[in-house]
Amino acid sequence: MIGVTAKLNVKPEAAEAFEEVFLDLMDAVRANEPGCLMYQLCKDDDGAYWVLEMYQDEAALDAHGKSEHFAAAGAGFKGKMGGPPEIKRMKAVTR
């Protein structure tokens, strides 16, 4: 399994519009990506957005990045981001 955390640098004035776009993406990921085991938007106490992701394998992660809904969300995020995401990729520790 592959874990991913992504800190999304959202412009404060665009937070509400960003959430709408992201929640639509989250719904599409959950409905169309069986290899994605977790895809959750979170907001910390400082107002920063984080995405917690878990994928069954490399193929599932690759499919996520190539999906139509992911591309469409990218267009929806235009003008809402204050910088590039900070992405951390990890291997799950399991038995």
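The values are calculated or read from the model by the stated rules, or taken from the named source; none is laboratory data. Just so it is clear, the structure is predicted and the values come from calculations on it, not from any experiment. With ideal geometry, Cβ positions are generated from the backbone for all residues, glycine too; neighbour counts draw on all protein chains shown. Side chains included, ligands, DNA and RNA excluded: accessible areas come from the protein's heavy atoms. Shrake-Rupley method; radii C 1.70, N 1.55, O 1.52, S 1.80 Å.
Worth a mention:
- Note on GLU13: accessible area is roughly 150 Å² with a 1.4 Å probe, heavy atoms of protein only.
- The count of lysine pairs in the chain with alpha-carbon distances below 21 Å, taking only pairs 8 or more places apart or on different chains, stands at 16.
- Label zone at GLN56 (point 7 Å along Cα-to-Cβ), backbone N below 13 Å, region 7-34: 32-34
- Each residue of the chain gets 97 Å³ once the volume of the Cα convex hull is shared out per residue.
- Potential lengthening between GLU16 and ASN32 on full extension [0.36 nm per residue; Cα-Cα distance subtracted]: 3.3 nm
- Each Cα pair under 8 Å and six or more residues apart adds its separation to the average, and for the chain the resulting relative contact order is 47 percent.
- At least 20 Å along the helix axis (C-alpha) and Kyte average at least -0.5, DSSP helices within the chain: 15-32
- Ranked by the mean number of other Cβ atoms within 10 Å of their residues, highest first, the peptides 66-79, 18-31 come out as 18-31, 66-79.
- Global geometry of region 1-50, whether rounded, prolate or oblate, following the gyration tensor of its Cα atoms and the 1.5 cut on a/c: oblate
- Per residue value of the accessible surface for the chain (all protein chains in place, 1.4 Å probe), Å²: 65 Å²
- Region 52-95 residues near the modelled GLN40 label - backbone nitrogen below 15 Å, point 7 Å along Cα→Cβ: 52-55
- Helical runs (DSSP H, four residues minimum) scored at -39500 (n - 2.57) apiece and divided by the length of the chain put the mean residue ellipticity at 222 nm at -11500 deg cm²/dmol.
- Ligands, DNA and RNA left out, the 1.4 Å accessible surface of region 24-79 is 55% carbon and sulfur atoms.
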